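The values are calculated or read from the model by the stated rules, or taken from the named source; none is laboratory data. Every value quoted in this text rests on a predicted model; they were computed, and no experiment measured them. Using ideal geometry, Cβ is built from the backbone for each residue, glycine included, and neighbour counts are taken over all protein chains shown.
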Amino acid sequence: MVTIPIRPLEKIRNALASMPETESVDVPFEAGEVLMREGERHDHISLVIQGEIDLLKHNAEGEAFAVGTLRPGQFLGLLLLSSGETSFLTARARTAGRMLSMPRNTFLLLLYNLPGFNQMVGPLLLGNLVSRYRRVVQLHVEVAQLSQELAAEKQQLQATIQQLEATRNRLIQQEKMATLGQLVAGIAHEINNPIASLSRAADSIEPGLQKWFVTPPRAADLALLRQAFLEGLNRQPLQTEVQRERLAQLELRFPDLPRPLLRSLAQVEPALFEELAYYVISNPTVERKDLLRRWVEVFEVGTLVRTIRVASGRIGSIVRSLKGYSRQDKSVVDEVDLREGLRDTLVLFGYALKKYQVIIDLPALPPVRCRPSELNQVWTNLIVNACQAMGESGTLRVTCGTGDPGWVWVRIQDSGPGVPEDLRERIFESGFSTKGTPTAEGAGLGLGLAIARGLIEQHHGRIEVGNVPEGGAAFTVHLPVAGQ
Amino acid sequence: MSKIYILCIEDEPEVLEAVVRDLAPFEAAFPIESASTAAEARRVVESILQQGQLGLVLCDHILPGEDGVSFLVSLHRDPRTTSSRKVLLTAQAGLTDTIQAVNQADLNHYIAKPWKPAELHAVVRQQLTEFVLQNETNLYPYLSLLDGERLGEKIRQQPLPPDE
Amino acid sequence: MRMNKRKVVGIFLGLLGFFLPWVIQFPGLSFPGHVTLGIFLLAAAFWLTEPVPIYTTSMLVIFLEVLLLSAEGPLCLFARPPVAAVTAEAAPREFRLPARAVTAGSEVLVARPSGAFDAVKVEVLERGPDTVRVQSGTLSTTSQVLTQADHWLARYVPASYRTFFAALADPIIILFLGGCLLADASVKYRLDRALTRMFLRPVGTSPRLILLGLLIATAVLSAFMSNTATTAMMMTVVLPLLAGLDRDDPLKVAVVLAIPVGANIGGIATPIGTPPNAIALAALTKQGLGVPFVQWVLMALPIVVVTLGVSWVVLMKLFRPRTAELKIELAGAFDRSPKAWGLYVVFGLTALLWFTENQHGISSNIIAFLPVVALPMFGIVGKKEIHALPWDVFWLMAGGISLGTAIKTTGLAEWMVGRVDWASLGGFAIMAGLALLSFLLANFLSHTVTVTLLAPIAVSVGSVAGAAAGFDLTTALVTVAVASSYGMTLPISTPPNAIAMGSGVLQTQHLVKAGGVIGVLGMALVLVMTKYYWPLFAR
């Protein structure tokens, strides 16, 4: 920056002012006064004598940016000197001051024709231009720096976006895992029960069979014992109420017999039991008493075989449901009966649904083209949601049907508090949860319904929620029928 | 001497049968009653209390309707059954649930399905020993079924019947 | 306390018995004899019906004796018969006495400074309306004579109240105390359990041998411990061993019966085995017929061994085991702490001294004080064990002992048995009668009470029937004591029976059957012993 000392500047001003041919006039200005306006014609060139002037440039949105400052010894309107076009910048006084102004044409004429004028103004002009050039270079450097920073920021932003996406994916995964966790607990529960009865039955059957080899029954008794075995095998377990009543009666009749024996006898068909009792009581020999004991043992073996059958059957059906539910060929689109997936899901959640009354009404449906495992995920999420809404007790209703031609619907209805009108859309947003803080148990990340809606939309279907008059919410899924 | 009962609650008939069958040796001194739901169990408890005491409740975790934990909690609150020993029978793999249940209901023990008979026997023996020690003065009838060491120790500390 | 019918009747009978002799005069029985009879009837009624605990009745007995019979008691203190000096007549050896001072039999009662009276025969010279002139060489002017020779306390020399109180520290009670303390210490250091296991270890797995082992082990322990404590301990050791048996295996019943049977029989073996033995001994000691510890054991051991064998056979026959094998696990060893060793030494030394009484001559009662002193001194037992001693039993025994004293000193004994011509009955018949009475009473009453009631009667009978052929007081009292131990037919007969019933394994009929058979066979043996064996020890 070339600084022009005040004294020479004052000298120049006085010299110029004393030259009548320059047509120069002193122009005083106030702070804030606009001395030149962008886009307007400006045919004067002025030498700042006192005060400071800001140069402003407006961008497309009309916002003003400061691009430089004019101080005493610098020219206003220098850029327009040769071109004579409309003004490129706006100039506004920052402080009060004055400047010496002369017409542009006069200035140019005098500059080329009057050596004294040139001698006086030339160095000033040069100083002005040098200072502006420096500024330009400086600006270039700044711009380069800024664009570098900008690039870095852009990169950071991209990374953040990627991270956010990953988080979202992880949350969805977590939601899936939580449901999976519940599912696994349910399967464990469903399978552990039959396994318990299976393994206990297998253990208990052993001593009865061992005895058979140690003291084989008499040939004459075999028919009776075979009847005992078949009786045990075909017996349906009694309701505990009935069994208790029969046991109490037997205990009164036979106070000397041990309770475990009486409990087994209570299971026997009453008519058959009376026959047996008469056989022993009418002639209570040691052999007959022993035979009765034997009879009960064989009956027990029969019931144990039946238990093993029932238990292994249950385990088999659970495994089948599990296979149906998970369908490894995830991405394959298939024409399926929706009810299969619904039933499998309900079986696997059997333990969680035990505390509720579950009403299932599934009439036949036309097949739907879908990825079955994805729809199972939908049913799972809707059932979990219904259970969470109902809390400790309630009624779950699962129904389906054909509505508009070409569409089928599946409805999962709970007896919880229902969904308030103003939240009907928001409950499908990810992260929306009425359950407060998410817990491991509730699996409530608030993504379940969002995921469900996403999957349904991928199947070109839609999901609606509404409240039912008897209380509770009903989620209805509409899906297009195959071949439409 | 009022009878001390064992109550088993389980909704799956096959599992209930297995539990009762495994506990049969205890029936020489402790009659076993069974129920399949919490509501039924409540009625059984009432009838038991008319004839004796409720010594031990062996209850499945998940029952139709009211679940086992809440039933055991309600038994614990009833002063007539506060001292009854409470054992939860659970088929759930998750420990958190069970631990929570155990703490909540002030349970004495829990047994995971499928159980080992020796384990079930040990738990029932120990729990009944506790009950008998707390609630009975004549301990002789239980010496052969329950923990004879501990009962014998208590008998040693009891005053003997007066004079010969 | 709930007043049931039995208690009301008991109180009524007791009071009736107590006041009856005050109202009805029995000829030939002194007034103090009447009082003692009242106390005896009251005690009998209360002991039979238990309106108050039996040891309380004993305390009441001692209290009434001190009040009504002791020299320092209010009755004797305020109702002393009046005395007066005799006045000498002019003639030598002639005196004038108040008319009532001379009895119809021409006797005057001269009071000694000690309070006792001497009956002095006089010659009545002249009988006036108020005075009598007599001649006697014994009387002098310093003599104080009873002015009322027919006074109801005349001729009664009351004992000091100390005599009645002293019953609580009777040497036999000290003997029993020593035994109890040894037993308590054994329980504390589990010597009882360790010994049981030692006895049972060699018997193997045969149910028959296990049963025999149990009978012997219980009997041996019970000979030194109270029958009740032995039974309680044996139950806790044995019942867990039966877990493996079938619910209705008769072996269970046999085993549970073997324990009270063994305990009741084992109690017979030593003087400290059970309180009835000690009471019989106390009565004998009072008569100067002390029986050394070892002599008692020698007298009792044969019948104990034979009845144990009989019991084994009976139990095996009545409750034939179904299993052929019973595996029993007996873990545990002897306590090896220094204090336990102290107990073993004291126990061993005491037992050794008891069994060698004949060699060194020191009374077993004195030896019994060795554990009483040594065990607390070395910290082997503490305050807790001292407090836990069966003080109620000691009181019960003390009541019996002091009642015996009163019955003897007031002349009640002689009067009671003087009604019957015992000599004509024959010695054995008398003793057999006492034995049967003891057995019958013991089935319904506490054994201690039975013997407490019968011992004074036996002693009284002995004092007049001594002449009867074949009667021997030692044999009679041993018979009474041993017979009482066979009274074990009913659940209420003995605390060991009650404990066995409490196990829930037995039904009353089991106990009645086994207890009845063994009791009756035992009684038969007692009679054989009374006839042929025990008189051999007579002095």
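Could you identify the single residue in B:S74, B:S70, B:S84 that is within 14 Å of the chain's Cα centre (by Cα) and more than 12 Å from chain C (Cβ to nearest Cβ)?
B:S84
Which one is modelled with the highest pLDDT among residues in the range A:382-413 that are over 15 Å from A:F475 (Cα atoms) and within 14 Å of chain B (Cβ to nearest Cβ)?
Here the residue is A:G394.
Pick out the one residue from C:K317, C:K286 that is out of contact with any strand residue (DSSP E or B) (no Cβ under 9 Å at 6 or more places or on another chain) and without any contact (Cβ under 8 Å) to a residue 12 or more places away in the chain.
Details: C:K286 fails: without any contact (Cβ under 8 Å) to a residue 12 or more places away in the chain.
After ruling out the rest, the residue left standing is C:K317.
Could you look through the range B:30-53, keep only residues that are at the interface with chain A (Cβ under 7 Å from one of its Cβ atoms) and charged (D, E, K, R), and pick out the one that is surrounded by the most Cβ atoms within 10 Å (Cβ to Cβ)?
Among those residues, the one meeting the criterion is B:E33.
Matching residues to (1) within 60 Å of the chain's Cα centre (by Cα); (2) not in a helix (DSSP H, G or I):
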site	(1), (2)
A:P28	no, yes
A:A31	yes, yes
A:E38	yes, yes
A:L55	yes, yes
A:G62	yes, yes
A:G68	yes, yes
A:L81	no, no
A:N105	no, no
A:N118	no, no
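Quick test of your reading of the structure: C:K531 fulfils all but one of (1) under 25 Å from C:I54 (Cα atoms); (2) in contact (Cβ under 8 Å) with a residue 40 or more places away in the chain. Name the failing condition by number.
(1)
Scan the range A:265-307 residue by residue and report those that are within 30 Å of A:Y351 (Cα to Cα) and either surrounded by fewer than 18 Cβ atoms within 10 Å (Cβ to Cβ) or more than 14 Å from chain B (Cβ to nearest Cβ) (or both).
A:V305
For (1) surrounded by 20 or more Cβ atoms within 10 Å (Cβ to Cβ); (2) more than 14 Å from chain A (Cβ to nearest Cβ); (3) in contact with a Pro (Cβ under 8 Å, 6 or more places away or on another chain); (4) touching a residue at least 40 places away in the same chain (Cβ under 8 Å), each residue gets a yes or a no:
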{"site": "B:C59", "(1), (2), (3), (4)": "yes, no, no, yes"}
{"site": "B:G65", "(1), (2), (3), (4)": "no, no, no, no"}
{"site": "B:R80", "(1), (2), (3), (4)": "no, yes, no, no"}
{"site": "B:L89", "(1), (2), (3), (4)": "yes, no, no, yes"}
{"site": "B:I99", "(1), (2), (3), (4)": "no, no, no, no"}
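Sort through A:L250, A:L261 and tell me the only one that's over 60 Å from the mean Cα position of the chain (by Cα) and under 24 Å from B:V19 (Cβ atoms).
Just a single option satisfies the conditions, and that option is A:L250.
Taking the range C:312-341 as the search range and keeping residues that are closer than 26 Å to C:D192 by Cβ and small (G, A, S), which one is surrounded by the fewest Cβ atoms within 10 Å (Cβ to Cβ)?
Result: C:A331.
Residues C:V145, C:V187: which one is over 30 Å from B:G152 (Cα atoms) and either of a type in the set (S, T, Y) or touching a residue at least 40 places away in the same chain (Cβ under 8 Å) (or both)?
The unique qualifying residue is C:V145.
Just wondering, is there one or more residues in the range C:135-148 that are out of contact with any Leu (no Cβ under 6 Å at 6 or more places or on another chain) and within 30 Å of C:G399 (Cα to Cα)?
no
Mind checking which helices (runs of 4 or more DSSP H) fall wholly inside the range C:25-109 and carry at least 1 residues that are modelled with pLDDT of 90 or more?
Numbers: elements: C:31-49, C:54-69, C:74-78.
Answer list for the range C:25-109: C:31-49, C:54-69.
Within the range C:476-531, track down each residue that is assigned to a helix (DSSP H, G or I), over 22 Å from C:A282 (Cβ atoms), within 14 Å of another protein chain (Cβ to nearest Cβ) and of a type in the set (G, A, S).
Across the range C:476-531, the qualifying residues are C:A498, C:A500, C:G502.
Within the range C:190-232, track down each residue that is out of contact with any Gly (no Cβ under 7 Å at 6 or more places or on another chain), away from chain B (no Cβ under 12 Å), more than 12 Å from C:I265 (Cα to Cα) and in contact (Cβ under 8 Å) with a residue 12 or more places away in the chain.
C:L191, C:L195, C:R201, C:T205, C:S206, C:P207, C:R208, C:I210, C:L211, C:L212, C:G213
Please determine, by comparing only the residues of the range A:181-199 that are within 7 Å of chain B (Cβ to nearest Cβ) and not hydrophobic (A, V, I, L, M, F, W, C), which one is surrounded by the most Cβ atoms within 10 Å (Cβ to Cβ).
Only one residue tops the list, namely A:S197.
So how many residues does the range A:336-369 have that are of a type in the set (D, E) and assigned to a helix (DSSP H, G or I)?
So the answer is 2.
Take the residues in the range B:3-29 that are closer than 21 Å to B:L139 by Cβ, in contact (Cβ under 8 Å) with a residue 60 or more places away in the chain and not aromatic (F, W, Y), then tell me which one is surrounded by the most Cβ atoms within 10 Å (Cβ to Cβ).
The qualifying residue surrounded by the most Cβ atoms within 10 Å (Cβ to Cβ) is B:I6.
Would you list the strands (runs of 3 or more DSSP E) that sit entirely within the range C:121-222 and hold 2 or more residues that are buried (at least 19 other Cβ atoms within 10 Å of the Cβ) and more than 27 Å from the chain's Cα centre (by Cα)?
Those strands (runs of 3 or more DSSP E) span C:131-135, C:144-146.
Name the residue that is modelled with the lowest pLDDT, counting only residues in the range C:239-282 that are touching a Lys or Arg at 6+ places or on another chain (Cβ under 7 Å) and more than 11 Å from every other protein chain (Cβ to nearest Cβ).
Across the range C:239-282, the extreme among qualifying residues is C:D249.
Scan the range B:105-129 residue by residue and report those that are among the charged types (D, E, K, R) and either more than 18 Å from the chain's Cα centre (by Cα) or crowded, with 19+ Cβ neighbours inside 10 Å (or both).
The one that is among the charged types (D, E, K, R) and either more than 18 Å from the chain's Cα centre (by Cα) or crowded, with 19+ Cβ neighbours inside 10 Å (or both): B:K113.
Based on what the data block shows, is A:E441 surrounded by fewer than 15 Cβ atoms within 10 Å (Cβ to Cβ), more than 12 Å from the chain's Cα centre (by Cα) and at pLDDT below 75?
Answer is yes for this residue.
Can you confirm whether C:A500 is among the small types (G, A, S), surrounded by 24 or more Cβ atoms within 10 Å (Cβ to Cβ) and under 24 Å from C:I407 (Cβ atoms)? Steps first, answer last, please.
Numbers: among the small types (G, A, S): yes; surrounded by 24 or more Cβ atoms within 10 Å (Cβ to Cβ): yes; under 24 Å from C:I407 (Cβ atoms): no.
Against the criterion (among the small types (G, A, S), surrounded by 24 or more Cβ atoms within 10 Å (Cβ to Cβ) and under 24 Å from C:I407 (Cβ atoms)), C:A500 does not qualify.
Checking A:L225 against (1) surrounded by fewer than 17 Cβ atoms within 10 Å (Cβ to Cβ); (2) in contact with a Lys or Arg (Cβ under 7 Å, 6 or more places away or on another chain); (3) of a type outside the set (K, R), only one condition comes out false. Which one?
So A:L225 meets the others, but not (1).
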